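As structure tokens, the structure follows; a few thoughts come after it.
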Amino acid sequence: MHMANFDALQTLQHVFGYGSFRGEQEAIVTHVVAGGDALVLMPTGGGKSLCYQLPALLREGVAIVVSPLIALMQDQVDALKQLGVRAAFLNSSQEFDEAREVTAQLMRGYFQIVYVAPERLLMSSFLNLLDEIEEGAGIALFAIDEAHCVSQWGHDFRPEYRKLTVLHERFPQVPRIALTATADAPTRAEIIERLQLENARQFVSSFDRPNIKYRVTQKANARQQLEDFLEKEHPNDAGIIYCLSRKKVEETAEWLKSRGWDALPYHAGLDASVRNQNQRRFLREEGVIMVATVAFGMGIDKPNVRFVAHLDLPKSMEGYYQETGRAGRDGLPADAWMVYGLGDVVSMRKMLDSGDAPEERKAVERQKLDALLGFCESTDCRHQTLLRYFGEQHAGNCGQCDNCLNPVDTWDATQAVQMALSCVYRTGQRFGVVHLIDVLLGKNTPKIAQFNHQALSTFGIGKNLSQAQWSSIFRQLVAAGYLISDIEAYGGLKLAESARPILKGAFEVWLRRDLEVSSRKVSRAERGSRAKEVYEQVSDDPLWLALKAKRMELAREQGVPPYVIFHDSTLLEILNRKPQTLTEMGRITGVGQAKLARYGDDFLEVLENATL
């Protein structure tokens, strides 16, 4: 029976094993199946791929999916084959013979879905091939994944994406669906303009990821804070740790390894074979930690990443949202954890200002960084702050981010801020924060003696506050733009125009009171005592471990990542419902007909053995 004879819900249940649609999925599928163009803005983990995979099965012909993510194509195709879908990919990672075989089968009308890299798609030989396919078996649809790659303001700009208008010009009857998880207004407008989607229907999902717990911690001893976080909350979990520089990636991975963690480095400077090997281990094994630059992430579809940690600031709210969005795609609880200090603000601003981008671009990037700093310093619910940035209102506090769990105290810092600004002014607007705090605390350092700063009126006037408190004040003043880090003065601070009214006492300044950061070492014996149990107390359950072991065994046999067999959320449901027959197993979310036939008996056997 041809797939087009099924309706959407039956196909969803029969092939994918889901009992119902989520959010906008049904409306999108119906629209595209009817031949309409669509722009889909949906957060990572929201079920974007289903929005084109299902119409691909319901329309005649082959669906062509344009994706820049070579690493992801293999996994997507593996996952579709597990569902019994005839799928393949064409990209530069293939041997010539393999690509020729796929092309021959494509010509014969064998495939339902084919993933293609944009470079391959744009070759005149491939476009001619598509002409022939359209004449024969037909083209069901074009899906343009990661559509934000057309935007020159985005962090993943791909010039070849701009040429994808050829699809509309050459095949005007074939519906197009463009999808992205990046949805700030300028990027959205650019996608519509560049891909000629003016007449496409827009579907905008909520960008809230309620299962992610956001935390921003003041930096004290970053490595120790990181290990503290890992030991208390994620002793055996897979996660990603982002660093700004390649050097820091390698040093952090080495250090974690020396401390007994299964950590691997990933950055663009590593040999391609090492990168691929590390990525493969992260995807196919349990509990591996990837320490990476932002080069790692696009195309990582591992659903059970339990945490994303930032040891350095991302460049923007979009970057932060995308990077943290790689956690908890299976809908189970996950952490987004970041340490952040004055040094991060200064170095990130310095990097932006000293880059060789045109001034117009720098201005946009400064605004984006300022929005991120505002998020870091915010005393409001993190979910609300994040969603406000994307133009979405969020009703009520989330009750689980750091600001909701430990509401931040604010204090009238007007007098202290005036002291800090005055100190910057009187020392000549060319010194860094360490020296400025020494002046305020009245320390007799060689540098103070060298510049005769003990003679200043601001020398020693700040003794009633600690070094940590002054550091917090300076960080917040730089983040708020009252102080500017001067590149020519090697990061020395100078007053911004906006600081002058404060010095004149024109208005009050209220700052967040930072919580005291503990740098206490956590003993090895404490590893495993978690602040929260991600899997609702199941991680030590022998049956849970047996189900995971069976999944890993089946995954290894077929050379696919474990989550391609079943997601953690599906395994959890099997654990909780303990089906006793194949019919009962077939009712579990994520168990479609192909997987039921292939694995049902294996998992029923695990359940039987556990009850003996």
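Structure above, values below:
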| read-out | value |
| --- | --- |
| Translational D in µm²/s for the chain (Stokes-Einstein at 37 °C, 0.692 mPa s, Kirkwood Rh from C-alpha pairs) | 123 |
| Among the listed pairs LYS219/LYS463; LYS232/LYS578; LYS315/LYS504; LYS550/LYS595, those beyond 24 Å (Cα-Cα) | LYS232/LYS578; LYS315/LYS504 |
| Global geometry of segment 1-131, whether rounded, prolate or oblate, following the gyration tensor of its Cα atoms and the 1.5 cut on a/c | prolate |
| With Cα atoms, 0 to 90° folded angle of helix 568-577 axis to the chain main axis | 70 |
| Computed Kirkwood radius, in angstrom, where 1/r is averaged over Cα pairs of segment 193-292 | 16.1 |
| Partner aspartates and glutamates for LYS362 [C-alpha distance under 15 Å; skip if fewer than 8 residues away on the same chain] | ASP353, ASP370 |
| Peptides 190-201, 494-505 ordered by average Cβ neighbours within 10 Å, highest first | 190-201, 494-505 |
| Per-residue [θ]222 nm for the chain (sum of -39500 (n - 2.57) over DSSP H runs n ≥ 4, rounded to 500) | -13000 deg cm²/dmol |
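Values in this text are rule-based calculations from the coordinates and carry no lab data. Fair warning: this is a prediction, and the values are worked out from it, not measured in the lab. Cβ coordinates were reconstructed from backbone atoms using ideal geometry, including for glycine residues, and neighbour counts include every protein chain displayed.
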